[in-house]
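A short worksheet on the structure shown next.
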Amino acid sequence: MVRGGLFLLVVGVIWMMGEGSANAQYGYQRYRPATPVLSPYLGLTASNNGALPNYFAFVRPLEAAQQTIREENRVFSQQRKELIIQRNQLQQLQTEFGQSVAAPTGQAGWFRTQGRQSGFKNTSHYYQRWQR
């Protein structure tokens, strides 16, 4: 009995190590379908010793989770489309103003004026000067 358990343990460890190396060897991920492969109604056949019937314990929460995931994916797609539109508008405005690459703050911007330059902590305009 001990010999069979030890054999199964060794086989399991070798299998786990081989699975990781095979995934890294080929460099691709497993196929993940967009929709669930198994129906949530398979939970109706599960043994349940709880207070709720199987439908409310297993099926309904899975359906609610799937609906939430679908809604989140829809919102994500909508936000991605809006970001693409805003990026295109920004690129269009940058080409109109002749600024293809964003410059550092205060450099070559449309807001920079070539007027009077003030220095840091220059308090000359705060205090009134005495007339002599």
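Karplus-based coupling profile of the stretch 69-83, in residue order and whole Hz: 5, 4, 5, 5, 5, 5, 5, 4, 5, 5, 5, 5, 5, 5, 5, with θ = phi - 60° in 6.51 cos²θ - 1.76 cosθ + 1.60 and x standing for Gly or Pro.
The residues packed around residue 78, meaning those with a beta-carbon under 14 Å from its beta-carbon, carry a net charge of +1 if Lys and Arg are +1 and Asp and Glu are -1. The largest-to-smallest principal axis extents of the Cα set in the stretch 33-96 are 68, 23, 10 Å.
Throughout, read-outs are computed from the coordinates displayed, never taken from laboratory work. If you're wondering where the values come from, they're calculated on a predicted model, not measured in any experiment. No Cβ is skipped: glycine too gets one built from the backbone with ideal geometry, and neighbour counts run over all protein chains shown.
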